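Just below is one structure, and these are the notes that go with it.
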Amino acid sequence: MTTPKIKLKDVHKGFGDKVVLDGVDLEVAPGESLVIIGGSGSGKSVTLKCILGLLTPDSGQIEVDGEPIVGIGRAKRERINSKFGMLFQGAALFDSLPVWENVAFGLVQGERMDRAQAKEIALEKLAAVGLEADVGELWPAELSGGMQKRVGLARAIATEPEIIFFDEPTTGLDPIMGDIINDLIVKCVRELGATALSITHDMASARKISDHIAMLYKGKIIWTGKTEEIDSSGEPHVDQFIHGRAEGPIQMELRRL
Amino acid sequence: MNPFQSVGKAVLGFLEATGKLALFTFMAVSHCVRPPFYYRLLLRQMIDIGYYSLPVVGMTTLFAGMALGLQTYAGFSRFSAEDAIAKVVALGITRELGPVLAGLMVAGRIGAAMAAELGTMRVTEQIDALDTLSTNPFKYLIAPRIIAGLTMLPLLVFVGDIIGIFGGYIVSVYKLGFNPGVYISQTFKVLEFIDVFSGLVKAGVFGFIVTLMGCYNGYNSQGGAQGVGAATTNAVVSASILILIFNYVITELFLTA
C-alpha cells in the first residue's frame with residue numbers, strides 16, 4: 001500500500017470547554033479528491049486549519065507524505081506548506097496587490113522567482129481559470145465574488161502544488177457560477193495530478209468534485225466511502241445530510257459555539 | 001461568582017495578556033533582525049509613516065511651539081524674565097513636546113491604520129493565506145512596519161523640533177516684538193546635544209510602541225467588523241498610554257544619568 005498523501009490519526013482539538021475535534025481519523029491517497037461534508041460547526045474548518053498548521057491539535061498526529069507535521073518548526077512548516085495550495089472561502093485575496101501579483105505571490109515570495117517570469121505564469125494561470133490578461137491589472141476589490149474565487153483558484157494552483165485545499169468553494173456564489181467553479185476545480189486538479197481535500201456543505205459541489213466523501217459529525221468521521229456509494233451508505237446521519245432533512249438523528253446545535 | 005474568583009480571573013487575564021504581548025514583541029523583534037527582508041514593503045511603510053505624517057506632525061508642533069511661546073511670555077513676564085522664551089521653547093519642544101505630540105499624532109494616524117489593515121486581513125483570512133503561500137506574516141507584515149516606525153519617527157520629530165522652535169520664533173518676533181537675531185542665538189546657545197538626542201531616543205521608542213501596538217492588536221483581532229473596530233481603538237489607546245508612561249521613564253533616565 002502506498003503512503004497516504006495526508007493522514008490524520010486520532011486528532012483532538014478543543015477551544016476552552018468546547019470539544020471540536022474528538023478523534024478524527026482520515027486518509028487521503030495520492031491523486032484522490034476527498035470532500036469532507038458536515039454541518040456548520042462540525043469541525044470541518046478546524047480540521048483543515050490543523051493540516052495547514054494554522055491551528056495546532058491538542059493531541060494526535062497528522063502526516064503529510066508520511067512525515068509527521070504536528071509541532072514541527074517554522075522552517076520545516078514552510079517547506080511542507082510549499083506543497084500546498086489553498087482556495088479560501090472568501091478567496092482571501094491580498095487587497096493591497098493587483099490581481100496578477102496575487103496570483104504570482106507564491107512564486108515571487110515563496111520560490112523567489114523573477115517578477116517578469118512570475119507575471120507570465122500568473123497570466124497563464126488566469127487564462128486557465130477563464131480570466132483575460134487585462135484582469136491581471138485590476139485590484140481584487142474591483143472583482144465580483146465569482147471572479148475573486150477564480151483568482152483565488154489561480155493563486156492556489158500557481159505554484160503547481162501537490163495538494164490543494166478548497167474551503168467551501170461554492171459558498172456565496174449563484175448556482176451557475178458555483179458550477180463553473182466546480183468544473184474549474186475538477187479541471188485544475190486533474191491537469192496538475194494533484195491530491196485535493198475540500199470541505200463543503202454543498203452536496204451538488206461535493207458530488208461533482210470528489211471521488212471520495214467523508215462525513216464529519218460531532219468531531220468524528222462517521223462515514224467514508226466512494227462518492228457514488230453515498231446514496232446507499234445506510235448511515236442515517238449521512239442520509240439526513242445529503243437529503244437536507246430537518247428531521248433525523250442530527251440535531252442542529254443552537255448553542256453558542 | 002465569589003469575589004476571589006473574579007479577582008483571580010482578572011489577574012490571570014492580565015498575566016495572559018502580558019505574556020502574549022511579550023511573546024509577540026519577542027517574535028516581532030527577532031524577525032526584524034533576521035533575513036529575508038522585504039525592502040519594497042519597508043520603503044512603502046517608511047514613506048507612509050515618515051513622509052505622509054509630515055503635515056500632521058508639522059502643524060501640531062508649529063502650534064505647540066507658538067502656544068508655548070505665548071504661555072511662557074505670559075508667565076515669565078511676571079518675573080521680568082521674558083528673555084527666557086527662546087530657551088523655554090527650545091528645551092520644551094526638543095525634550096518633551098516634539099516627541100510626545102508627534103508620537104500621539106502618529107499613534108492616531110499610523111497605529112490606527114495598521115490595526116485596521118491587519119485586523120481586516122486577519123478576519124478575511126488574508127493572514128492565513130500568507131502562511132499557506134510559504135510567507136511568514138511576521139516578516140512580511142510586521143517587521144517592515146516596526147522597522148519603519150523605529151527609524152522614521154526620530155526623523156519626523158527632528159523636523160518637528162525645527163518647526164516647533166520656528167513657531168516660538170514667529171510668536172516672539174512678530175507678535176511680541178523680540179529681536180530675531182537674539183532669539184535664534186539664544187536658541188542655539190541653550191540647546192545641547194543631549195536635549196535633542198534624548199528627544200530623538202524618545203521618538204524611536206514611541207515609533208516602536210505605536211507600530212507594535214498597531215500590529216499586535218490588528219494581528220490578534222477577531223470577530224469581524226466589530227473586532228477590527230475594537231482592535232483599532234485598543235491600538236490607539238494602549239499606544240497613547242504607553243507613550244506617556246515611557247516618556248516619563250526615559251526623561252527620568254536621561255535626567256538622572
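The values are calculated or read from the model by the stated rules, or taken from the named source; none is laboratory data. Because the structure is a prediction, the values reported are computed rather than measured. In this analysis, Cβ positions are derived from the backbone assuming ideal geometry, glycine residues included, and neighbour counts consider all displayed protein chains.
For the stretch B:125-139, residues that are more than 7 Å from chain A (Cβ to nearest Cβ) and closer than 17 Å to A:Ala91 by Cβ total 2. Among residues that are more than 18 Å from B:Phe206 (Cα to Cα), assigned to a helix (DSSP H, G or I) and either aliphatic (A, V, I, L, M) or free of Cβ contacts under 8 Å to residues at least 40 places away in the same chain (or both), B:Leu104 is not included.
For the stretch B:75-94, state whether one or more residues are touching a residue at least 12 places away in the same chain (Cβ under 8 Å), of a type in the set (A, V, I, L, M), assigned to a helix (DSSP H, G or I) and surrounded by fewer than 18 Cβ atoms within 10 Å (Cβ to Cβ). Yes - at least one qualifying residue is present in the stretch B:75-94.
Of A:Ile221, A:Ile230, A:Ile250, A:Ile213, all but one fail to be outside any strand (DSSP E or B), touching a strand residue (DSSP E or B) at 6+ places or on another chain (Cβ under 9 Å) and touching a residue at least 60 places away in the same chain (Cβ under 8 Å); the exception is A:Ile250. Listed by first and then second residue, the pairs linking a residue in the stretch A:123-141 that is in contact (Cβ under 8 Å) with a residue 40 or more places away in the chain to a residue that is of a type in the set (Asp, Glu) and not in a loop (DSSP other than H, G, I, E, B), with Cβ atoms under 8 Å apart and 6 or more places separating them unless they lie on different chains, are A:Ala128/A:Glu191. Residues that are out of contact with any Lys or Arg (no Cβ under 6 Å at 6 or more places or on another chain) and surrounded by fewer than 17 Cβ atoms within 10 Å (Cβ to Cβ) number at least 2 in the following helices (runs of 4 or more DSSP H) confined to the stretch A:1-107: A:74-81. Scanning the stretch B:107-124 for residues that are within 17 Å of B:Thr25 (Cβ to Cβ) and either within 12 Å of chain A (Cβ to nearest Cβ) or polar (S, T, N, Q) (or both) yields a total of 1.
Taking the stated definitions as given, is A:Ile121 assigned to a loop (DSSP other than H, G, I, E, B), more than 23 Å from A:Val35 (Cβ to Cβ) and not acidic (Asp, Glu)? Against the criterion (assigned to a loop (DSSP other than H, G, I, E, B), more than 23 Å from A:Val35 (Cβ to Cβ) and not acidic (Asp, Glu)), A:Ile121 does not qualify. From the set of residues in the stretch A:123-173 that are among the aromatic types (Phe, Trp, Tyr) and under 22 Å from the mean Cα position of the chain (by Cα), which is nearest to A:Gln89 (Cα to Cα)? Within the stretch A:123-173, the match that is nearest to A:Gln89 (Cα to Cα) is A:Phe166.
Per the conditions (1) at pLDDT below 90; (2) more than 14 Å from every other protein chain (Cβ to nearest Cβ); (3) under 26 Å from A:Ile230 (Cα atoms), the sole criterion not satisfied by A:Ile36 is (1).
Residues in the stretch A:39-54 that are more than 10 Å from chain B (Cβ to nearest Cβ) and of a type in the set (Lys, Arg): A:Lys44 alone.
Search the stretch A:63-74 for residues being more than 10 Å from chain B (Cβ to nearest Cβ) and at negative phi, and hand back the single one that is nearest to the chain's Cα centre (by Cα). Out of the qualifying residues, it is A:Val64. Is it fair to say B:Gly111 is touching a Gly at 6+ places or on another chain (Cβ under 9 Å), closer than 24 Å to B:Gly223 by Cβ and in a helix (DSSP H, G or I)? So B:Gly111 fits the description; yes. Looking across the stretch A:108-122 at every residue that is more than 10 Å from every other protein chain (Cβ to nearest Cβ) and more than 23 Å from the chain's Cα centre (by Cα), the one that is surrounded by the fewest Cβ atoms within 10 Å (Cβ to Cβ) is identified as A:Ala116.
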